[in-house]
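Working notes, structure below.
Here, each number is a calculation from the coordinates, and none is a lab measurement. Values in this document were obtained by computation on a predicted structure and should not be read as measured data. Ideal geometry is used to build each Cβ from the backbone, glycine not excepted, and the neighbour counts take in all protein chains shown.
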Amino acid sequence: MSTNHDDHGFNLLDDPWIIALGIDGRERELSIVEVLEQAGDLATIGGEVATQAFAITRLLLAVVHRAVEGPTDADEWEQLWAAGELPVDRLRAYVEPLRDRFDLFHPETPFFQVAGLRTAKQEVSGLEKIVADVPNGQPLFTTRSAADLRRMEASEAARWLVHAHAFDPSGIKSGAVGDDTVKNGKGYPIGTGWSGQIGGVLPQGANLRETLLLNLVAYEDNPYVRIGGENDLPPWERDPNSAQWKERPPQGAIDLYTWQTRRIRLVGDQSGVTGVVLANGDRIQPHNRHDMDPHTCWRYSEPQSKKRKAVVYMPLTHDPQRSVWRGIGAMLPAISGRGIQRGSDPQPRLAPGILQWISDLGSKDLLPERYMPRLRILGAEYGAQSATFAEIIEDVLPMSVLVLRADRPAAGQTATNAVDDAEKTAFTVWNFAENIAQASGAEPKSGAGDRAREQLYAALDAPYREWLGSLVPGSDLQEARGRWQLVVSKATYPVTAELIVAAPPSAWVGREVSGQLVNVPRAELWLNAALRKALPLAYVRSGDSTSKEEVVV
């Protein structure tokens, strides 16, 4: 570790603050330089909450992009990938002249902060203002003690500082002196941090070196990183006096990776942080940033398009109530490609640019089709008016490059069709549960169907992930689809059998609903007919008779 830093400061280049998990399974705390030097021996970035990992990884990407001044194209990317380690000499050469800008407590240019930031009344907020694992700001619902929130180590404060810019909730902030938008001493809501407005999709490799390189988009092949432009810069390369309180357009991916959603000043020093001044920063609108931020899916917005009289895409955020695999079609370049239609029917979804990049690497034979990145899904759900954290979202979905390739869409289409199989079957199970409930006297949409449907999805969660991982070069996709439909059919049986066993005597007798008798036997007949239609490959037929291989539910 380098030690040529101010003993009274805390320099993020030298001092350990990033939580990383080693390939050996051990957790460690490292500086920026140490993380980049040891990236091949590290599995992933961690933190107090999963969204810290997303924010810090994107910060590291900004450092690497600027250090290598690219990569300019796929060929240069291939050289980095084949090297076996990150170009540490170039990384050191880049950060060394910027050393002061990485000092957390520098008197003039504190990292990710505004020196001298204050309110008219010199108020300082408690650390709960930037700590996301204190639900709704209520210490009662956290394992942290009151002492944990009175004082914090500089290393943890640095993690929450980066996280606040990326994910801070909306709501009223401290009114900073110099901000013309302040009214009555308050900074009124400008929205959440930029990363909180998107549904993060972060491909991960076998180690952190691979992860960083997988996400290092070459700027001649893609529009995101704009190394050639003078304005797509991280804050540590900008004039610190340029941080005003005026809305400005983002300049590219590096700008968005390090977007300063807030103006912040940590109160403390190397020995610990005791408070924070948290004010509004750079407001950002989410419309049509699909050519700048590659780490999210996008959805066509008809209301916004009508309002703005142009085709508008908005970030597609994650639904914490829905497993990520159920929305796989939106992520796959083979299904939701990046070619935007400007006509009467714009494409409903755009896959993340980062997955299109990996698809391109596969099509250029720079990544083998068998290579299997793990898609780490990260995001935040907010409460009322987006003023509090409601839930932190994290999921992981491994899939081969073959599934991601847009130029060879068959595997991606098979993966999406398999989700359709599950959706159709889930609706059939929902209908069956509702029929039994109504046969026993319940009103329509009693909730029985919802419970049964979610029970089936839960049963299919692990099997789908395992099945998706089996889609590799050489796979028989038709056989794979049939195998999946058989899995779905078998998973359906325990759910429907439980409904039958629990049905009261009145449901067996039944009652008239919408002009026809509904009871358990009839509902079961309708169920089996619907399942045959939804899962035809699970039913092997010979002539007009059902073979012994047919699955009966």
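Along the positive direction of the dipole of the chain (beta-carbon charges: Lys, Arg +1; Asp, Glu -1; about the Cα centre), which of Gly193, Ala55, Ala154 reaches farthest? Checking the options against the dipole of the chain, the answer is Gly193. Residue pairs exceeding 30 angstrom between C-alpha atoms, taken from Lys246/Lys309; Lys129/Lys246; Lys306/Lys445: Lys306/Lys445.
Net charge dipole, segment 297-404: roughly 440 debye, given to the nearest 20, about the Cα centre with Cβ charges of +1 for Lys and Arg and -1 for Asp and Glu.
On C-alpha positions alone, give me the angle between the axis of helix 477-502 and the longest principal axis of the chain, in degrees, nearest 10. Computed tilt is about 70 degrees.
Charge dipole (Cα centre; +1 on Lys/Arg Cβ, -1 on Asp/Glu Cβ; no other charges) of segment 189-347 amounts to roughly 680 debye. Helix 410-439 sits at what angle to the longest principal axis of the chain, using alpha carbons and giving 0 to 90 degrees rounded to 10? That works out to roughly 60 degrees. In this structure, Asp148 and Ala442 have a Cβ-Cβ separation that, at R0 = 35 Å, corresponds to a calculated FRET efficiency of about 0.10. Among Pro398, Leu98, Gly327, which residue has its Cα positioned farthest towards the positive end of the charge dipole of the chain, with +1 placed on the Cβ of Lys and Arg, -1 on the Cβ of Asp and Glu, and the dipole taken about the Cα centre? Result: Gly327. Taking other C-beta atoms within 10 angstrom as a stand-in for reagent exposure, Val513, Val68 fall in the order Val513, Val68, fewest first. The listed peptides 167-178, 523-534, ordered by packing as a protection proxy, come out as 167-178, 523-534 (highest mean of other Cβ atoms within 10 Å first). To the nearest ten degrees, helix 353-363 and the longest principal axis of the Cα atoms of the chain are 70 degrees apart. About the centre of its Cα atoms, the chain shows a dipole size close to 2060 debye [charges on the beta carbon of Lys, Arg (+1) and Asp, Glu (-1) only; nearest 20 debye]. Measuring nothing but how far apart in sequence close Cα pairs (under 8 Å, 6+ apart) lie, relative to its length, segment 287-415 scores a relative contact order of 25 percent. In terms of its C-alpha gyration tensor, segment 297-404 has an oblate overall shape, because the principal axis ratio a/c (a ≥ b ≥ c, square roots of the eigenvalues) is not below 1.5 and a/b does not outweigh b/c. Loop-located GluC sites (Glu not before Pro) in segment 302-397 (DSSP state not H, G, I, E or B) with no more than 14 neighbouring Cβ atoms inside 10 Å do not occur.
Fully extending the segment from Ile23 to Lys183, taken as 0.36 nm per residue of separation minus the present Cα-Cα distance, adds 52.5 nm. Each Lys or Arg adds one and each Asp or Glu takes one away; over the other residues whose Cβ falls under 14 Å from the Cβ of Leu91, this sums to -2.
In plain terms, the chain from Thr72 to Asp407 could stretch by 118.3 nm, reckoned as 0.36 nm per residue minus the Cα-Cα distance.
Within the shell defined by Cβ-Cβ distances under 13 Å, the residues around Gln455 carry a net charge of -2, with Lys and Arg each +1 and Asp and Glu each -1. Its relative contact order, with pairs defined as Cα atoms under 8 Å and 6+ residues apart, puts the chain at 12 percent.
The packing ranking, built from the mean of other Cβ atoms within 10 Å per residue, places the peptides 71-84, 482-495 in the order 482-495, 71-84, highest first. The tail of the calculated P(r) for the chain, taken as Cα-Cα distances beyond 42 Å, holds 30 percent of the pairs. Between the residues Gln260, Ala83, Ala120, the greatest Cα displacement towards the positive end of the dipole of the chain, with unit charges on the Cβ of Lys, Arg, Asp and Glu, is found for Ala120.
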